[in-house]
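The values are calculated or read from the model by the stated rules, or taken from the named source; none is laboratory data. What you see is a predicted model, and the numbers here were worked out from it, not measured in a lab. Positions of Cβ are generated from backbone atoms using ideal geometry, with glycine treated the same way; all protein chains shown enter the neighbour counts. The area values use the complete protein model at the heavy-atom level, side chains included, leaving out ligands, DNA and RNA. Shrake-Rupley method; radii C 1.70, N 1.55, O 1.52, S 1.80 Å.
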Amino acid sequence: MTNTDVIIVGSGIAALQLARQLQEHLNVIIITKNKVKDSNSYLAQGGVAAPIGKFDKVELHAKDTMTAGCNHQSEEAVKNVIRDGKRIIEYLINDGAPFDRKSNGDLALGMEGAHSMARILHSGGDQTGKYIIEYLLDALTEKVRFVEKELVYELIKNERGHCCGVKTMKGDGSIHRYSAPHVVLSTGGAGSIYSLSSNAPTVTGDGMALAFLAGAALSDMEFIQFHPTLLSLGSTSGGLVSEAVRGEGALLINGSGERIMEGVHPLLELAPRHIVAEKINRERIEGKAVYLDITPVKDFETKFPSITKLCENHHISLSQGKIPVTPGCHFTMGGVLTDEEGKTTIHGLYAIGEVACTGMHGANRLASNSLLEGLVFGERLANHLVTFKRKTSPFTGAYNVQESKGNIGEITFDPTELKERMMRDVGIIRNEQSLTRHLNWLNAQSLSFHTGLDRLSENEIQTYLMWVVSMLITQSALLRTESRGGHIRSDYPGENNSEWFKKSILLINDNHQLRVVRDEQHQIEIYA
Ligand code: SIN
């Protein structure tokens, strides 16, 4: 057993921001199932939204965030995150973070869908994630140790039910244990449990499943954001084509060159994502291809080097000025329920970044708000843990660990089938029939919610955790009998405010049974 002060699972922006702030005070181990740079954050093209422009205000950014999120959030909480985010971004700018600037030296602020003004900071054109991750990594010291290529497959709890460590598996099947009084999930979302996804292939919801199996409450799992424009490769997708391309003037057209967003929404190509994604999806279901017409974008290759390379890699020539696009899964608004510091319903367990449901994004996330949220919650949790350390005696590692138990059953399905079924039945548009079909298929796998995964291979564990997350999304989507944000039901079109306004769906592991409940008042207790 390896002991440390804080274990962070995952290595995206929230994880590195947390580690950066903790390293002066505490020893940190970051564990990732891949290489450190294999995260969604690293892939982020768009940028970081912050109200730092001359005419911008926290209130305006918060209003856009609330509108995109269909007012499912608490406005006060959203404002606080944006206020903290603005301060952190100003600090990073002064610290020399590599944000792009115009020729006159001013910051180059980009525009994205559903923002009422240009407020997106970016780096290296469309390489924002890469630049920021490298900047944060450069600031880490030897107090932060990286463990790569180990899959965290179980959260260890002590006899009091407190989280006190993790179990990992290496590719050779060997099992390892790490203990700490604080375990932080920062594993990203679950985008790659859909067959069409902008996410890194490894981002399949591990942290959400681990937290659920350990007994933490999850929330809002039905709200899934589908990005309108992934590079279309026929029936598959090749990666993200940033909304910033539309922000720079690109148009959405069909094969006959007609603009498909005309008459759909006053903001046209920059309408909220679920509206654009739904429209493109409808066109494609009718057998029509959809393209981004990039001819209005000046200096495309210079502004969007990653997308240019992506197209080249897939032999898509930009000389005709058209990029074929398809919607695909992009972001999970729900996740492990936390308070405003990243604390969960389990003592000693925290969640930050996309794995968490902090209440920032509501029913649909405003573009480029996720890197901001990662920076804010990384800092907030660091402040909490440092204060906690000052108030308590040092951790001795003498926890009485509870052994994992239970038999989950046999994994007999191919994860590719699960992903395709998720896309078809729990995708951009759902209804009772499609959701029930998927639920029946999940149930037919005869698996159950247990933690005794030691006997499984790494691949089987991954597939099992995907099954758990798929169950959580499907059950929540069935219960919410309305359409709101990233949850669109063809059998319940439109919002039903009398029944569902500001009501969340909670997912609770009740003695190995999934309990799906409508939270009337956010009455669940976050450990204090
Ligand atoms: C994009 O670049 O379109 C994605 C940005 C985001 O989802 O925040």
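Figures for the structure shown
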read-out	value
By accessible area with a 1.4 Å probe, ligands and nucleic acids excluded, highest first: order of His314, His487	His314, His487
Solvent accessible area, Å² - Lys503, 1.4 Å probe, full protein context	40
Convex hull volume per residue in cubic angstrom - Cα atoms of segment 50-179	193
Space enclosed by the convex hull of the alpha-carbon atoms of segment 172-302, per residue, Å³	191
With eigenvalues of the C-alpha gyration tensor scaled by 5 and rooted, segment 13-82, Å	30, 16, 13
Percent of Cα-Cα distances greater than 16 Å, calculated over segment 415-460	49
Rel. contact order, % - alpha carbon contacts under 8 angstrom, at least six apart, segment 256-323	24
Relative contact order of segment 435-528, defined on C-alpha pairs under 8 angstrom at six or more residues apart (%)	23
Cα pair distances in the chain, grouped into 20 Å bins until the bin that holds the longest one, percent each	24, 59, 17, 0
Carbon/sulfur fraction of accessible area - segment 2-61, other protein chains in place, 1.4 Å, %	49
Compactness relative to 2.2 N^0.38 Å, alpha carbon Rg of segment 96-140	1.26
Mean Cβ count within 10 Å, highest first, over the residues of peptides 379-388, 142-151	379-388, 142-151
Carbon plus sulfur fraction of accessible area for segment 84-135, probe 1.4 Å, in percent	47
Net charge over other residues, Cβ less than 13 angstrom from the Cβ of Ile133 (K, R count +1; D, E count -1)	+1
The chain, accessible area per residue, ligands and nucleic acids excluded (1.4 Å, Å²)	38
Accessible-area composition of segment 169-300, carbon plus sulfur, in percent [1.4 Å probe]	49
Alpha carbon convex hull of segment 154-231, projected area averaged over orientations, nm²	6.8
Bridge type composition, the chain - antiparallel percent by DSSP, nearest 5	70
Rounded Å value of the spacing that divides the Cα centres of segment 462-522 and segment 172-204	22
Value of relative contact order over the chain, rounded to a whole percent, pairs C-alpha under 8 Å and six or more apart	21
